[in-house]
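Notes for the one structure printed next.
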Amino acid sequence: MKKIVLAVMTTISGLVMLFSYHTSTQSVAATTPEETDTGNTQSDAGTTTTAPSATSSASSTASASATPTASASSSASGSGGDGTYTGDAVETRWGTVQVEITVENGKITSADAVQFPNENPKDQQINAYAVPALNAEVVQAQSASIDAVSGATVTSGGYIESLQSAIDAAHLG
Amino acid sequence: MPTQVTVVTQPRQDVPRRAFVAQIMGLPMSIHVRGPQALGPGVAAAVEAAFTRLRADEAMFSTWQPDSPVSRIKDGRDRLVDAHPRIRHVAALCELAGHRTGGSFAAWLPGPDGRQRFDPTGLVKGWAVEEAFTALLADLRMRGPHDALICAGGDIAVACSRADTPSWVVAVEDPRDRSRSLRSLELRTGAVATSGTAARGKHIVNPSTGAAADGLLSATVIGPKLTWADVYATAAFVKGTAALPWIATLPDHAGILVATDGAVSTIAGMTAQATRWSSLASTV
């Protein structure tokens, strides 16, 4: 149980690191901590705040434990404890992001970003994507936000680790 | 005096958008809606109705639930000819899929006792998702211009009824490293389906040999309808390297194949539309 929670939150925290964020009017390119911007033509002039120390160090601190705020662990399902789990707040270069998931009967019933890099989340689009891949392969620099990932069938267990879950979480209302 | 024509070149980024997730047919299913009512209760109800349709199809077609109508046909308790029209419709589609794929897709496979058993699972997911998505689009249309996307465990359908929004961006996963994407496609309307063993191991059987297909790491097919993109992706995966020339014969479809050595092939179908998809895929 503890291990599952840890694994889950490590994943979420990792995904959070992949969050990019763009405002209503302008896209912002994301780069991974270990990669520099490889010729991506997007400009982030004037729209981002920078958090200089946050990028590369956050991935190591992001694996800290989660806080279950409810528990009804039905061991019968065997696939995880029920409850609501809130990941650690993770500093990204765009601000602080925190994700909360709800698990019922071993299934994720909701995932939500509880803390956004902006005070008015509804006005913002938060996008999550595989930054390393996109830096090389984005269709157009200005539409660098993936909406869905096509791949071999994702099982329910694999969903929380999937990029799709992060994309969904960014838009759950 | 000449008329001023303003050309909007930048898609709007401020259109309201909301995602919904449910677990149906053992899969995470995500629906994204973009448009004026996306955050309202009407759209939420329309999406819930789509999930309800999918749950109804799950109850009808499940082969995991031992007493579902399809399970009863599969193990011989009931006859297909007496089945619900929806089940017979799917059986007919499976027949058509067998013809269109040259036998690389089959809903009738021999069981352990040698008896042919009806299992339309390989077609049902894509078909049910397409049906629910089509109904959702009709619902949304009444509430204003909305774009929508559905992702069912890695198979995707998208539609746009607006002209001022960015295209949906669909990434195709790298089967060797599932956190990375091989290609990204911009689609306004259409479907993308991928068949492979990265998530579930070797579970796709070649109906003509009964052996697990292992000629490719993954096969992705892009086309206008999810039912057929899904069937063709499964068939392409079964065909292995032979899928390369085969996909080129499919009207309106394009493909991305990943060979066991990691080599990526991009195949255009026969029409301008598919060529456009393909050129997108190969330039990114």
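The values are calculated or read from the model by the stated rules, or taken from the named source; none is laboratory data. If you're wondering where the values come from, they're calculated on a predicted model, not measured in any experiment. Here Cβ is always computed from backbone atoms with ideal geometry, including for glycine, and neighbour counts include all displayed protein chains. All accessible areas refer to the heavy atoms of the entire protein, side chains included, with ligands and DNA or RNA removed. Shrake-Rupley method; radii C 1.70, N 1.55, O 1.52, S 1.80 Å.
Within the stretch B:31-62, can you find the residues that are more than 30 Å from residue B:169 (Cα to Cα) and open to solvent by less than 40 Å² (accessible area, probe 1.4 Å)?
First, the residues of the stretch B:31-62 that are more than 30 Å from residue B:169 (Cα to Cα): B:59-62.
Within the stretch B:31-62, B:60, B:61, B:62 meet the criteria.
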Listed by first then second residue, the pairs whose first member lies in the stretch B:1-25 and is more than 16 Å from residue B:168 (Cβ to Cβ), whose partner is modelled with pLDDT under 90 and exposed (fewer than 14 other Cβ atoms within 10 Å of the Cβ), with beta carbons under 7 Å and at least 6 positions apart or on separate chains, are B:8/B:164; B:14/A:24
Tell me yes or no: at least one residue of the stretch B:146-161 is of a type in the set (Val, Ile, Thr) and either part of a helix (DSSP H, G or I) or open to solvent by 10 Å² or more (accessible area, probe 1.4 Å) (or both). no
What number of residues within the stretch B:238-254 are open to solvent by less than 60 Å² (accessible area, probe 1.4 Å) and in a helix (DSSP H, G or I)? 7
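Every residue, every condition in (1) at pLDDT 95 or above; (2) part of a loop (DSSP other than H, G, I, E, B); (3) polar (S, T, N, Q), yes or no:
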residue: B:3; (1), (2), (3): no, yes, yes
residue: B:8; (1), (2), (3): no, yes, no
residue: B:22; (1), (2), (3): no, no, no
residue: B:54; (1), (2), (3): yes, no, no
residue: B:65; (1), (2), (3): no, yes, yes
residue: B:90; (1), (2), (3): yes, no, no
residue: B:105; (1), (2), (3): no, yes, no
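Would you be able to say whether some residue in the stretch B:116-137 is assigned to a strand (DSSP E or B) and open to solvent by 10 Å² or more (accessible area, probe 1.4 Å)?
We begin by selecting, within the stretch B:116-137, every residue assigned to a strand (DSSP E or B); these are B:116-118.
Filter once more, so that each one left must be open to solvent by 10 Å² or more (accessible area, probe 1.4 Å): B:116-117.
Checked against the condition, which is being assigned to a strand (DSSP E or B) and open to solvent by 10 Å² or more (accessible area, probe 1.4 Å), the stretch B:116-137 yields at least one hit.
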Could you go through the stretch B:217-230 and let me know if any residue there is within 14 Å of chain A (Cβ to nearest Cβ) and open to solvent by 40 Å² or more (accessible area, probe 1.4 Å). yes
